[in-house]
Structure formats: C-alpha cells, structure tokens
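What follows is a single structure, written as structure tokens, with notes after it.
Derivation of every value follows stated rules applied to the coordinates shown; laboratory data play no part. Since this is a predicted model, take the numbers as computed values, not measurements. Note: ideal-geometry Cβ built from the backbone for every residue, glycine included; neighbour counts use all protein chains shown.
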Amino acid sequence: MNRYALWKYILILFILLVGALYALPNIFGQDPAVQISSTSDSPDLDSMRSRIEALIDENNLKPKAIETRQNGLLVRFSDETQQLKARDLFRKQLGEDYIVALNLAPSTPQWLRAMGGNPMYLGLDLRGGVHFLMQVDMEAAVDQAYERFKNDFRDLLRDKRIRYAGIRKIGKPARGVEIKFKDRSLLEKAAKVINSEYPRLDLQDSENGGAYILKATMRPPEITETKRAALKQNLITLRNRVNELGVAEPIIQQQGIDRIIVQLPGVQDTARAKEILGATATLEFRLVDEDHSAQEAEAGKVPAGSKLYHESNGRPVLLKRRVIITGDRIVDAASGLEQQTGSPAVFITLDGKGSNQMYRVTKDNINKPMAVVFIESKVETKKVNGEIVKTRKKTEKVINVATIRAALSKNFQITGLESPQKARTLALLLRAGSLSTPIEIVEERTVGPSLGQDNINQGFESVVIGFIAVLIFMIFRYKVFGLISCIALFVNLILIVAALSMLQATLTLPGIAGIVLTVGMAVDANVLIFERIREELQIGSTPQISIQAGYQKALSTIADANITTLIAAVVLYGFGTGPIKGFAITLALGIISSMFTAIMGTRAIINLIYGGRKVEKLLV
C-alpha cells in the first residue's frame, strides 16, 4: 500500500528538473552594459565592432564581453563606472549615425540561453526605469475632427456639383463648420446630401447679409466618442513606438479620461525615450499655389484658400489650404536612398482610403508641384512671475516640393530630407504611427537600479522570513510530515520562479507579495491532509490506511478552496491593471504549483519513506 507507479516518480522528477533548469537563469544577475545600435537599415556590424574595439583599447576600458546583436553591439562591463564612461565616449566618437544607450543585460551563460533559459522580467519598481504620465490634448482632438469634416464637406459638395461661396472651420466657443451659399435652394440641397452622409451631425441654417449659411456641429455623444477614439489611437501609437525602442514588458495604460501612463522598465537613459514617445511628428501633403506669389504672401498678402509655409532654408512657399492626405493614412515607412541622386529618402505606403485620395488628386494635377509639410508640436514650460506656464509650440515646415510626373497611389517616396538621420527618424515615427492628438509629458519619474535592487533585497527577505516562520511552525506541529511539507514548499517556490521565467512574465513588488501569500497558503493543503491522517489514527486505523485516507478524503476540500482562490486571481487579472495583474499572475501560478507539490509531491516523499512496509507509528 501507498506506492506510486514508476511513471509518476519519473514525471515528478522531470518537472523538478525542468523547473530547476529554467529557474537557474535568475541567479546569475545582470551586467551593466552599453547598447550601440546603428541607425542604418543594413549596418556593417564587422566594421562597427572593429571601431568599438579600437575605442575601448585606446581609452583603457575593460569590458567583460562584446556581443553582436541584430542591429548593433552590446558591450558588457563589470561595474557602472566603466559603463557610464564608455557611454559618454561612444556618444562623442560615434556621432549621429549610432544610438548609444545604457542597458542592464542578463548574464545568463550562453549554453543556458541556447536552451531558452532567460531570467524573468522585472518591473519598474524592481529593475529601475522611467515612468511617464502623459496628458492628451482633447480640445485639439475636437478641432482636428472639425478640420476633417471641413475637408470632407468640400470634397463631397464638389463631387455632387453643389456650388458654395465659402467654407470655414469655427473655433471656440461655438465650434463647427460653416458653409456659405448664394441661394437657399443650394443650401437645402447641400443639407440633404450632408445629412445622408453624416447623420450624426446637427445641421442649422441661417441668413446673414444676403448669404445663406449652413452650420454643422457634432452632438455631445459624438464629441465624447471623438475624444475616446483619440485617446485609444494614442495608446496604440505609443505601444508601437515603445516596440520601436525595443523595451521588454512595458506598461502602457489609460488613466482617467485624458491621461496615459507609460512605464519602461530597464531604461536608464530617458532622452531617447522622451524623444520618440513625446514626438508628435506627422505629415501633410498639399498642392503648391502657383497662381499667387509666395513673396507677396510673406509681406502680409496671403490669398484666401492658401497658407504660407517655409522650407528648411527659410525660402517661403505658398500652399493651398486643402490637405490631400495626412500622416494617419500612412501604414508603412522605410528610410533609404533615392536611386537617381543617392539623397536620403523615405519610402511611403498608404492605406486604401489614403491611396484613393492621393490618386484622385494627383491624376488631375500632373506636372504641378506638390509639397510635403512636416508638423511637430512641442510643449514648453516656463516660469513667469513665479508661476509655471505651459505653452504649446507648433512647428510647420516644408521638407519637400516635387513635381507630380504621374498619378500617385499606394507607394511613393519623399526626398529632400536634410540627412539620413532625419530620414530614419521620420520613417520611425511614421511607421509607429502618428499621434492623433498632441500629448504632453506632465510627470516624469526615474527609478534608479540601486533603488530597484533595494526593493528586490527587501522582497527576498520577506519571502525568506515567511518561509522560515512556516518551516518552524510545520516542524513543531507535524514533525517529519511537517518537514516534508516544507521541502514541497521550497520546490513550489522554484516552480513559481521557473514558470515566471518561461512565460517571460513581469515580476513587480505586488508580484512578490503574491509569492509571500503563496508561501502561507501553500501548506494549507498539507495541514488538511495531516489533520485528516491524525483523525484516522485516532479512530484506530493503521498508519498505511490513515495515509491513504488522509490524501483521498481531504482532496475535495483542497480542490474547492484552491479553485475559488484561482477564480479570484483570474478576475483580478481580467479587471485589474498594472500591479494588480502582477499580483494575480504570481498568485495563480502559486496556487497551481502548490496543488502539485502539496498533493503529488509530498505523497511521493511519504510513499518513499513509509510505503510498502510495516509501520508501527507515524510522526505526524
């Protein structure tokens, strides 16, 4: 009695070996490192390595290793002093063609990494990194929606051959789009067409000085939906931009109705992160106004229907106000060199609607010039009379003017950029997506690696203290059986760490709290089993029958208790955010692994000790 089949022992041993193997990478720690990435799409890694090695030798740096990565190099050091010195040196000597950033690289042996063994990710509070709180400009979202309606109305009325005297967007407080007509019949015809295409808009007509005016406004639900869509689009864009940065396990989530939290664990150098995340760069494609003089417009005589811009060299360019397409129609962008001249270029791919709009406009304007306007919005914070004043600065410049030689559609290229670096940055921002509305970084916090290490040490100490307290209680209360349950508890901790590492889940301080809670809960199953064994012994059952009955009769109670806790963990994960999810993951993994170790694991050890032989007394 109380013997396991051989296959059960083999299964338990296999799970223990796999758990130990994949938990092992977590004991090797991390190396301070400098990550060097080329801004070129196809870098010469051999040349880059030779140049880095020469710089290291000339400046007496002592790296632990130099590793070749997909788009650059990773130089490992033994301490942060060498890391910071190398970072400053590489930035100074390599120039703008390379991105140099600090990193914390896992020091897992190569043979273990080859088997897929990687340490679990650590959250911002453990690894260190940067925290951004971003404010989304919701008023700009509404303004942009009315700007789109204005352009759409213009195209719609032209397609329907309805003449209008003028169309304009009205700003705050009475936002909307006004269209002027010379007689009421045209207004009524336009109102019918617009109402059929845009039924969610409110249309109001009026008469002013002999002109008939149709005003279109968004209803409150439509305004709310516009703001919600803008926030959602910015969330998606920020996720794409973080992916471009290559940050592992970032946290990007909504806070309130107009704010976004971005946490980037492991990012020590925040300059690059702020440059990419906060950039609101986008493009507008407009036709050049050839009927009027740009010089006269610069003197103050800007004609109606046109807008004055400047190129990078300061030369004025007069463009038509009508926007052909904007950057939100771009689905892909890649930097490279233009074939004929070898100058920097960005190769653009549009979505279906964007390609149709581009084709429709360019086929009617062949041999006419078209300009690409680069738009960037920045927020400047200044102290005026002792108060913090934030002003939004919008920069608009023409980066390219080219003659339309043929109708453009889905794929085309932008040339005239200042440098390959500018082309690569523009391609990255366009590829990651344009922010639908400007955002402002209203709060920035950096958690240093040393503070993260302190949190790790304190969390580790709490787990050890909890484990020792449970160990003392279980041995005092249940003797040998208590010691067996503590062995199972130790294995349970190893399996939790292994599962987190295999899933590449992120461990945070709340996650450590979940592990500490698991330490206390994991022995609950053994307490039920051992108390049941005691009851069987008290009614006169033999030791072997008592062991058998203890495990069988306590199983349903153990399953009920753990399943209800597992359901709670699933609900926490489904409805929680950030730290709550981390707590739920470790709690769920702890429950699953404790069911295995507390029932199957302890039974295997007890069977090895007591199974298949005559036992007079149990130390329980």
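Pairs spanning more than 21 Å between alpha-carbon atoms, out of Lys192/Lys307; Lys160/Lys192; Lys227/Lys320: Lys192/Lys307; Lys227/Lys320. Working ranking of peptides 584-590, 398-404 by packing, defined as the average number of other Cβ atoms within 10 Å per residue, highest first, is 584-590, 398-404. Taking every alpha-carbon pair under 8 Å whose residues sit at least 6 apart, the chain reaches a relative contact order of 16 percent. Among Asp137, Asp88, the order by Cβ neighbours within 10 angstrom, fewest to most, reads Asp88, Asp137.
Applying the Kirkwood pairwise sum to the alpha-carbon positions of segment 31-107 produces a hydrodynamic radius of 12.2 angstrom.
The eigenvalues of the Cα gyration tensor, multiplied by 5 and square-rooted, give segment 1-145 an equivalent ellipsoid with semi-axes of 39, 28, 15 Å from largest to smallest. Given R₀ = 35 Å, FRET efficiency for Glu396-Glu197 by Cβ-Cβ distance, to 0.05? Using R0 = 35 Å, I get an efficiency of 0.70. Computed from phi, the 3J(HN,Hα) profile of segment 580-589 under the Karplus parametrisation 6.51, -1.76, 1.60 (θ = phi - 60°) reads 5, 4, x, 5, 5, 5, 5, 5, 5, 4 Hz, with x in place of Gly and Pro. Relative to the longest principal axis of the C-alpha atoms of the chain, give the angle of the C-alpha long axis of helix 138-159, reported between 0 and 90° and rounded to the nearest 10°. Tilt relative to the chain: about 50 degrees.
Pairs with C-alpha atoms separated by more than 32 Å, drawn from the list Lys85/Lys394; Lys172/Lys581; Lys182/Lys410; Lys150/Lys397; Lys85/Lys232, are Lys85/Lys394; Lys172/Lys581; Lys182/Lys410; Lys85/Lys232. Fully extending the segment from Thr403 to Ser541, taken as 0.36 nm per residue of separation minus the present Cα-Cα distance, adds 40.0 nm. Working ranking of peptides 226-235, 207-216, 550-559 by packing, defined as the average number of other Cβ atoms within 10 Å per residue, highest first, is 226-235, 550-559, 207-216. The order of Val373, Val491, going from fewest to most other C-beta atoms within 10 Å of their C-beta, is Val373, Val491. Remark on the chain: ratio of C-alpha radius of gyration to 2.2 N^0.38 Å is 1.31.
Computed packing ranks the peptides 16-26, 492-502 as 492-502, 16-26, most packed first, by mean other Cβ atoms within 10 Å.
For Ile441 and Leu337, a Förster radius of 51 Å and the Cβ-Cβ distance give a FRET efficiency of 0.90, rounded to the nearest 0.05. With coordinates expressed along the principal axes, the C-alpha atoms belonging to segment 141-219 extend over 33, 27, 18 Å, beginning with the largest.
Relative to the longest principal axis of the Cα atoms of the chain, the long axis of helix 80-94 lies at roughly 30 degrees. Fully extending the segment from Asn367 to Arg259 would add 34.3 nm, taking 0.36 nm per residue of separation and subtracting the current Cα-Cα distance. Cα axis of helix 220-245 to longest principal axis of the chain: angle in degrees, 0 to 90, nearest 10? So the inclination is approximately 70 degrees.
Please report the spacing between the Cα centers of segment 44-62 and segment 199-217 in Å, no decimals. Cα centres, segment 44-62 to segment 199-217: 69 Å. Beta bridges per DSSP, both residues in the chain: antiparallel share near 95 percent. Our summary gives segment 133-246 a relative contact order of 23 percent, counting only alpha carbon pairs under 8 angstrom and 6 or more residues apart.
Listed values for segment 406-414 are Karplus-derived 3J(HN,Hα) couplings in whole Hz (6.51 cos²θ - 1.76 cosθ + 1.60, θ = phi - 60°), namely 7, 5, 8, 9, 6, 10, 7, 10, 10, and x replaces Gly and Pro. Here the spin labels are modelled as points 7 Å beyond Cα on the Cα-Cβ line, and at Asp159 and Ala5 they lie 6.9 nm apart. Computing FRET efficiency as 1/(1 + (r/R0)^6) for Glu296 and Lys182, where r is the C-beta to C-beta distance and R0 is 22 Å, gives about 0.15. Charged neighbours of Gln357, selected by a Cβ distance under 14 Å, balance to +3 (K, R count +1; D, E count -1). Which one, Leu13, Pro221, Gly514, is farthest towards the positive end of the dipole of the chain when Lys and Arg carry +1 and Asp and Glu -1 on their Cβ? Projecting each Cα onto the dipole axis, the largest value belongs to Pro221.
Near Leu619: Cβ cut-off under 12 Å, other residues only, Lys/Arg at +1 and Asp/Glu at -1. The net charge is +3.
Each Lys and Arg adds +1 at its Cβ and each Asp and Glu adds -1 at its Cβ; summed about the Cα centre, the chain shows a dipole of about 1260 debye.
Every helix of 4 or more DSSP H residues in the chain counts as -39500 (n - 2.57), and over all residues that averages to -16000 deg cm²/dmol at 222 nm. Near Ile66, once Lys and Arg are set to +1 and Asp and Glu to -1 for all other residues with Cβ below 11 Å from its Cβ, the sum equals +2.
Using all pairs of distinct alpha-carbon atoms, the Kirkwood hydrodynamic radius of segment 436-586 works out to 18.1 angstrom.
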